[in-house]
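Please read the structure below before turning to the comments.
Read-outs throughout are calculated quantities, based only on the coordinates presented, and are distinct from any laboratory measurement. The structure displayed is predicted, hence computed values, not measured ones. As a convention, Cβ positions derive from the backbone with ideal geometry for all residues, glycine included, and neighbour counts pool all protein chains shown.
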Amino acid sequence: MDIDAIETSFSVKFPPKHRKALSDPLDPIHTVCDFLVGEPPYELLRLTDVNASLRAPENPDPWPAYLVAFASNGCGDYFAYDTRRSPYLIVYIDPDNTVAENLAMDDGYTFESFDEWHAAKCCQHEAIKNDECPGLRDGE
């Protein structure tokens, strides 16, 4: 599914940097996290399917339509746009809490823009790579 079709299906307009990352497999965000895309190499990274699953009525805590997941750390958590605000606020949804609880938290994982979130995730990845975050490397 192309970017325009994804945007139409969720009634969103991705920021330019997000659109670029969706179409550029070399963008570092693809190695930093599970970045959801239109046509992924792995089904669990398909943006439309992930969001459909999160919003499904059979989900114990279905997501409201104003949240659009676009990335994960790979453990059932998601970063999502809260489209009730313009520009969209980036929020973190932890699976150990309900959506309402997550939105009420001041967890330090809220970002004012996609650009800010992208920079923070890439910086975190570099710190881990450079052993500046002991305990956060794979296998530790």
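Computed values, structure above
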item	result
Relative packing of peptides 27-33, 40-46, 88-94 - highest average C-beta neighbours within 10 Å first	88-94, 27-33, 40-46
Length released on extending from Ser86 to Ala119, taking residue separation times 0.36 nm less the Cα-Cα span	9.9 nm
Kirkwood Rh and Cα Rg combined as Rg over Rh, evaluated for the chain	0.95
About the Cα centre, charge dipole magnitude for the chain (Lys/Arg +1, Asp/Glu -1 at Cβ), debye	480
The chain, helix-only ellipticity at 222 nm - DSSP H runs n ≥ 4, -39,500 (n - 2.57), divided by all residues, nearest 500	-10000 deg cm²/dmol
Sequence-distant aspartates and glutamates (8 or more away, or on other chains) whose Cα lies within less than 13 Å of Lys20	Asp2, Asp4, Asp115
